[in-house]
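The structure appears right after this line, and notes come after that.
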Amino acid sequence: MKLERKYRVVLILLLFFCLILVRAFEQTLFYDPFIEYFENDFLSAPIPVFSGSKLLLSMTFRYSLNTVISLIAIHVAFQNRDFTIFSLKFYALAYLVLMVTFLIILKGELANGYLFAFYIRRFIIHPLFVLLLLPAFYYKQLTSNKII
């Protein structure tokens, strides 16, 4: 079923509002002692005490929530099953790579510095990939509609 353009735009705006709500309520919805750590003087402060399993579960839940909202936005925007399936695979692979990398960095207690862990964590907890995928799919759609 194809949605009219105006309904798609409204639905996409609502979905982006949902992503904003996830961010707005992060401290009440998710366990993440690194929120305060990276907001404060993390250059000289020791790594906060954290529960590894609780952190993994919380970050997985947040990543999943952002992913579902992002996948729905991509599907509504393009109504293209191939784009949605590609995005799902991309998000799954990104989750594995990012989470394994983040856990290895934490196990090493940020021995190589805090910046790498900061950015890896940012990719896990924030919906940055949708900001990359939407323009990429739009460009793909534009170029595939041209007759050469």
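The values are calculated or read from the model by the stated rules, or taken from the named source; none is laboratory data. Please read these numbers as outputs of a predicted model, since none were measured by experiment. Here the Cβ is made from the backbone with ideal geometry for all residues, glycine too, and neighbour counts use every protein chain on show.
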*L13 fails exactly one of the following numbered conditions: (1) surrounded by 12 or more Cβ atoms within 10 Å (Cβ to Cβ); (2) part of a helix (DSSP H, G or I); (3) not charged (D, E, K, R). What is the number of that condition?*
(1)
*Hey, any hits in segment 82-93 for a residue that's within 15 Å of R122 (Cα to Cα) and either without any contact (Cβ under 8 Å) to a residue 40 or more places away in the chain or part of a helix (DSSP H, G or I) (or both)?*
yes
*Conditions (1) over 21 Å from V9 (Cα atoms); (2) free of Cβ contacts under 8 Å to residues at least 60 places away in the same chain; (3) among the hydrophobic types (A, V, I, L, M, F, W, C): number failed by V68*: (1)
_Any hit, segment 44-58, residues being surrounded by fewer than 13 Cβ atoms within 10 Å (Cβ to Cβ), closer than 20 Å to F123 by Cβ and among the small types (G, A, S)_ = yes
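State whether one or more residues within segment 36-56 are among the β-branched types (V, I, T) and either modelled with pLDDT of 95 or more or within 25 Å of L14 (Cα to Cα) (or both).
Of the residues in segment 36-56, the ones among the β-branched types (V, I, T) are 47, 49.
From what's left, either modelled with pLDDT of 95 or more or within 25 Å of L14 (Cα to Cα) (or both): none.
Checked against the condition, which is being among the β-branched types (V, I, T) and either modelled with pLDDT of 95 or more or within 25 Å of L14 (Cα to Cα) (or both), segment 36-56 yields no hits at all.
Can you go through L71, L98 and tell me which one is modelled with pLDDT of 95 or more, over 20 Å from C18 (Cβ atoms) and touching a helix residue (DSSP H, G or I) at 6+ places or on another chain (Cβ under 7 Å)? Break it down stepwise before answering.
Details: L71 fails: over 20 Å from C18 (Cβ atoms).
Of the residues listed, the single one that is modelled with pLDDT of 95 or more, over 20 Å from C18 (Cβ atoms) and touching a helix residue (DSSP H, G or I) at 6+ places or on another chain (Cβ under 7 Å) is L98.
For residues in segment 124-137 being in contact (Cβ under 8 Å) with a residue 40 or more places away in the chain and not in a loop (DSSP other than H, G, I, E, B), which is farthest from the chain's Cα centre (by Cα)? Steps first, please.
Step one: of segment 124-137, the residues in contact (Cβ under 8 Å) with a residue 40 or more places away in the chain are 124-127, 129-130, 133-134, 137.
Restricting the remaining residues to those that are not in a loop (DSSP other than H, G, I, E, B) gives 124-125, 129-130, 133-134, 137.
On the way: I124: 5, I125: 5, F129: 6, V130: 7, L133: 11, L134: 13, F137: 17 Å.
Applying the filter and picking the extreme gives F137.
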*Pairs, please: C-beta under 7 Å, at least 6 apart or cross-chain, first residue farther than 22 Å from K54 by Cβ and in segment 16-39, second assigned to a helix (DSSP H, G or I) and not hydrophobic (A, V, I, L, M, F, W, C)?*
L19/N66
*Given (1) surrounded by fewer than 16 Cβ atoms within 10 Å (Cβ to Cβ); (2) touching a residue at least 60 places away in the same chain (Cβ under 8 Å); (3) under 16 Å from Y119 (Cα atoms); (4) not charged (D, E, K, R), where does Q79 come up short, assuming only one miss?*
(3)
_Taking the criterion of being of a type in the set (S, T, N, Q), touching a residue at least 24 places away in the same chain (Cβ under 8 Å), closer than 21 Å to F129 by Cβ and in a helix (DSSP H, G or I), would at least one residue in segment 40-58 satisfy it?_
yes
